[in-house]
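The values are calculated or read from the model by the stated rules, or taken from the named source; none is laboratory data. All values derive from a computational prediction rather than experimental measurement. Don't worry about glycine lacking a Cβ; one is built from the backbone with ideal geometry, like all the others, and counts go over all protein chains shown.
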Amino acid sequence: MLTVTNESIVFYADFIHQNTREPLTGLVGSGEITVDVYRQGPYEKIVADSADIVELGSSGTYSYTLGDSNTSTSSEYIAIFKTTNSLASRYQVPSIWSVGRAALDNLESLEADNIRSRLQEVFEGTGSGYTYNLSELTSIPDSTPSIAQVLSILYMAIRNRTIVTSNDKRLFNDADTLFGYQTISDDGDSFTQNKMIEPFGEE
């Protein structure tokens, strides 16, 4: 799991009964579970044999919260949940967090409302520094178009002049020049509209 620095992180571990394969519950109440937490780079144990563990209901899933005062360093944090219960299928269960890597820390300064507003500005074409205007296409995209090409040709088809005859369908650009056409046929039983192709001097 991933997060930024200086935030509390919660580790989780599941313990299973070795015979029934059912969740092994009640380890907190019986005092049979503890946890160690290690930090990589430099490698060090920052929590030793803590019993400050919570079971989620009676699920056999246990959690330990590492406070934000212990996550100021960008690193991997590894919790090792340990049980002395002889019926456990595993006596140690690891849980890992990656904390404070560069890309994640850069996101910390961006609030959710700010992200939403910037996205809205992009889509609406408003806001200084965040506008993105689509250019009208000058040729028909290939079979792997970009998102901008898809949006542009859809907008052209909605906005610009279109002529449909018994033989073809013609799409024009903003300057009212033929952009492309599709041959069509209709025999009364089925209608066929073929792939759009470039014009060959037609108007």
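Okay, here's what the table says:
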item	result
Inter-residue pairs, beta-carbon under 9 Å, first under 16 Å from D52 (Cβ atoms) and modelled with pLDDT under 95 and in segment 17-32, second not in a loop (DSSP other than H, G, I, E, B) and not β-branched (V, I, T), 6+ apart	G29/E55
Among the residues listed as D174, D142, D168, the single one being of a type in the set (D, E), at pLDDT 65 or above and surrounded by 13 or more Cβ atoms within 10 Å (Cβ to Cβ)	D168
Tally of residues being hydroxyl-bearing (S, T, Y) and either part of a strand (DSSP E or B) or closer than 21 Å to S135 by Cβ (or both) across segment 162-198	6
Those residues of segment 60-90 which are more than 14 Å from A13 (Cβ to Cβ) and of a type in the set (D, E, K, R), in sequence order	D68, E76
Some residue of segment 35-46 being part of a strand (DSSP E or B), more than 31 Å from the chain's Cα centre (by Cα), more than 16 Å from L87 (Cβ to Cβ) and among the hydroxyl-bearing types (S, T, Y)	no
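Yes or no, residue by residue, for (1) under 22 Å from N70 (Cβ atoms); (2) buried (at least 16 other Cβ atoms within 10 Å of the Cβ); (3) out of contact with any Cys (no Cβ under 8 Å at 6 or more places or on another chain):
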| residue | (1), (2), (3) |
| --- | --- |
| I9 | yes, yes, yes |
| H17 | no, no, yes |
| S30 | no, no, yes |
| V37 | yes, yes, yes |
| Q40 | yes, no, yes |
| K45 | yes, no, yes |
| A48 | yes, no, yes |
| D52 | yes, no, yes |
